[in-house]
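Here's the structure we're looking at; comments come further down.
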2 protein chains.
Amino acid sequence: MIYAGVDVGGTNIKIGLVDIKGTIIADNYIKTDKTKDYKGILDDIVEDIRLLCKKAGIDYHDVTGIGMGVPGVVDSRTGTVSYSANLGWRDVPIVHGLEVASGIRAEAANDANCAAWGEYKFGASRSMDNVILVTLGTGVGSGIIIDGKLFDGVASAGGEAGHMIIVKDGKQCNCGLKGCWERYASATALIEQTQEAMDADPHSLMHEVVRKYGKISGRTAFIAAERGDAAAKKVVENYIDYIATGLINLGNIFHPNAIIIGGGVSNEGEALIAPLEDKVNSGLLANEHNPKVRIIGATLGNKAGLIGAAALVM
Amino acid sequence: MIYAGVDVGGTNIKIGLVDIKGTIIADNYIKTDKTKDYKGILDDIVEDIRLLCKKAGIDYHDVTGIGMGVPGVVDSRTGTVSYSANLGWRDVPIVHGLEVASGIRAEAANDANCAAWGEYKFGASRSMDNVILVTLGTGVGSGIIIDGKLFDGVASAGGEAGHMIIVKDGKQCNCGLKGCWERYASATALIEQTQEAMDADPHSLMHEVVRKYGKISGRTAFIAAERGDAAAKKVVENYIDYIATGLINLGNIFHPNAIIIGGGVSNEGEALIAPLEDKVNSGLLANEHNPKVRIIGATLGNKAGLIGAAALVM
């Protein structure tokens with residue numbers, strides 16, 4: 001059995017053929033052509049799936065289903081994108097459109113939910129039935145799995161843990177609220193925090209790191225901290241504390257088996273994961289009487305969304 | 001069919017006989033005798049159930065099941081109280097003990113979860129499958145129902161929304177964390193906020209209200225605000241804002257059909273509920289594209305726990 005997974009982003013669309021074990025047989029990406037309406041974009045996607053089939057020596061008619069992840073509010077029950085700021089879509093009947101364009105059965109879900117589903121089925125959290133994926137990237141995304149099922153609330157409007165308020169009346173967020181978790185724990189926020197610390201300390205090693213790598217990034221403070229720079233260590237410590245704050249909230253509310261950390265920042269590995277696991281578990285209510293919440297790095301990387309989308313139709 | 005519901009508290013134990021429609025046939029309460037071990041307390045409870053049966057003219061052997069709510073971490077799958085600070089219990093096999101003492105089938109769950117289950121089955125949120133009960137009392141409790149089932153996380157250690165951090169590095173909470181929601185949104189917190197405002201304004205009407213009612217309470221600011229006192233209005237407004245902050249977090253994470261407000265503070269009715277519904281919904285992500293999250297006052301009052309406990313065995 002072969003399935004197609006599609007991970008739609010505002011800039012690119014990742015597309016792949018995936019087998020029943022979650023292995024990618026062939027994949028590539030195409031540009032998201034925003035000059036086209038959603039039907040035009042769906043035609044581009046189907047054309048690319050045909051191309052991938054040809055390349056992999058697979059008959060297009062052997063593709064059993066197409067799963068699609070879309071950034072925004074996707075009502076997976078009705079197959080409709082209620083709203084996507086990135087794509088400028090509103091009330092788009094995406095599943096029906098994809099089935100018409102492809103002639104193949106389709107499913108759709110929010111992209112963060114797809115990534116969570118991918119990690120649950122084939123990645124970091126196999127065999128755990130209660131897990132939350134948190135992605136630390138441009139924003140903070142989340143996907144929640146309860147008793148082995150994706151949970152995203154009424155009309156799929158939930159699962160937005162990045163917009164938990166952790167600092168009441170704190171920094172202004174794009175969403176209109178103040179003090180949202182993603183305003184402090186995203187890669188974007190880390191870069192902002194790094195810049196502030198650099199401005200305050202002209203002698204920090206972080207300046208050298210930025211010169212060497214050509215630009216400031218979410219890695220800057222981690223690299224300088226590893227080399228012993230005090231200002232960078234402080235940035236990393238504070239940043240991990242912000243991440244931990246939101247994870248403690250999720251831990252006290254959900255007490256899952258594990259929280260999976262994905263997104264670009266998760267590439268820092270144990271320098272990030274180990275202190276997070278300590279901080280989070282020491283913050284959970286009655287922690288000495290309860291099983292630990294494991295904190296685990298995502299293992300599917302930026303293919304989690306694609307693989308998880310394909311897994312929607314398996 | 002007759003069921004017994006038991007709501008164990010640190011001071012009193014509410015006990016009732018409940019029919020299949022959630023109607024209380026007979027109820028009373030007994031003291032929680034902390035000089036006894038858990039078996040002694042269970043014997044007291046069973047004795048009281050026999051007494052209630054006698055009073056109501058019901059044969060004890062017609063009681064089909066006993067459900068019990070306990071403050072603390074109750075693993076409802078194993079029937080064990082992992083930990084109860086109020087009762088000083090740890091790893092107590094409560095369901096087995098109750099079945100031995102009574103000769104009747106038993107179930108147990110956390111008390112806030114029982115209250116949520118009671119409101120779901122027979123109270124404010126009948127016919128809604130995704131609801132959260134938030135109780136504003138001494139602390140802030142929560143019970144979560146997803147797709148018609150109680151959700152409380154691995155080993156029933158979740159469902160502790162009162163300990164969400166909403167003010168990072170904020171006020172010290174008993175749980176060890178800083179800035180927990182219950183530190184700002186409980187009745188205890190409201191009284192603290194009222195006292196602070198009174199200290200700052202010796203001319204506020206709140207002083208007169210306290211004299212009239214004999215003591216400061218969670219009602220003081222609401223009463224003075226209704227009579228137009230500016231300082232009291234400010235207290236109420238800020239307090240509602242604190243409640244709304246946590247509810248927005250729950251709304252963005254769960255997007256339930258409704259959030260039910262229980263606990264003593266919920267007696268304020270529309271003066272509390274109406275502004276909360278506005279604030280919460282205007283804070284939800286992409287709110288103009290999603291169904292509203294209704295905010296509703298609890299309807300079973302302080303009997304919700306007892307009725308919900310009985311409903312565990314229905």
Average projection area in nm² (convex hull over Cα atoms of chain A, one quarter of hull surface): 17.0 nm²
Calculated P(r) of the stretch B:180-247 - Cα pairs past 17 Å, %: 33 percent
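May I ask for the net charge around A:S186, where only other residues with Cβ less than 13 Å from the Cβ of A:S186 are counted and Lys, Arg are +1 while Asp, Glu are -1?
With Lys, Arg at +1 and Asp, Glu at -1, the neighbours total 0.
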Inter-copy spacing of B:K212 label points, which lie 7 Å from Cα along Cα→Cβ, given in nm from shortest upward: 7.1
Cut-off of 10 Å, at most 16 other beta carbons, DSSP loop: longest stretch of chain A lacking such trypsin sites (Lys or Arg not before Pro): A:228-291
Mean projected area (nm²) of the alpha-carbon convex hull when the stretch A:127-298 is viewed from all directions: 10.9 nm²
Whole-Hz couplings from phi, Karplus 6.51/-1.76/1.60, listed for the stretch A:164-177; x for Gly and Pro: 5, 7, 10, 10, 4, 6, x, 5, 5, 9, 4, 6, x, 7
Distant-in-sequence amide H partners of B:G88 (H built 1.01 Å from N, under 5 Å): none
Sites A:Q172 and B:D19 - FRET efficiency at Förster radius 51 Å, r taken between beta-carbons, to 0.05: 0.45
GNM result for chain A, Cα springs below 10 Å: residue of A:I295, A:I253, A:I41 fluctuating most strongly: A:I253
Partner chain coverage, peptide B:144-151 - average Cβ within 10 angstrom: 3
Across the identical copies, how the B:I24 labels are spaced - nm, sorted shortest first, 7 Å along Cα→Cβ: 6.0
Ascending count of other beta-carbon atoms within 10 Å, so fewest first, for B:E288, B:E99: B:E288, B:E99
GNM result for chain B, Cα springs below 10 Å: residue of B:G16, B:G176, B:G40 fluctuating most strongly: B:G176
Separation between Cα centres of the stretch A:285-314 and the stretch A:149-216, rounded to whole Å: 21 Å
Summed side-chain charge close to B:D43 - residues other than B:D43 whose Cβ falls under 14 Å, Lys, Arg +1, Asp, Glu -1: -2
Candidates A:A231, A:A286, A:A157, ranked by Gaussian network fluctuation over chain A, Cα under 10 Å, top entry: A:A286
Label geometry 7 Å along the beta-carbon vector: A:L51 inter-copy distances in nm: 8.0
Sorted by Cβ density within 10 Å, fewest first, the residues A:S127, A:S156: A:S127, A:S156
Kyte-Doolittle mean at least -0.5, axial Cα span of 24 Å or more - DSSP H helices of chain A: A:38-56, A:230-254
Shielding by partners - mean other protein chain Cβ count within 10 Å, residues of A:242-248: 3
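Taking the Cβ of A:P256 as the center, what net charge do the other residues with Cβ under 12 Å away carry, scoring Lys and Arg +1 and Asp and Glu -1?
In short, -1.
At a threshold of 8 angstrom on Cα-Cα distance, excluding pairs fewer than six apart, so keeping six or more, what relative contact order does the stretch B:67-181 reach in percent?
18 percent
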Ascending count of other beta-carbon atoms within 10 Å, so fewest first, for B:F254, A:F122: A:F122, B:F254
Other-chain or far-sequence residues with amide H under 5 Å of B:I295's (modelled H): B:I259
Nonlocal amide H pairs with B:T32, under 5 Å, H built at 1.01 Å: B:N12, B:I13
Expected 222 nm ellipticity per residue - DSSP helices of 4 or more, -39500 (n - 2.57), all of chain B, to 500: -12000 deg cm²/dmol
Label point distance in nm, B:D147-A:D59, each placed 7 Å from Cα along Cα→Cβ: 3.5 nm
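Where a number appears in this text, it was derived from the coordinates with a stated rule and is not lab data. Computed from a prediction, not measured in an experiment: that's the story for all the values here. Because the Cβ atoms are built from the backbone with ideal geometry, glycine has one as well, and the counts that use them run over all protein chains shown.
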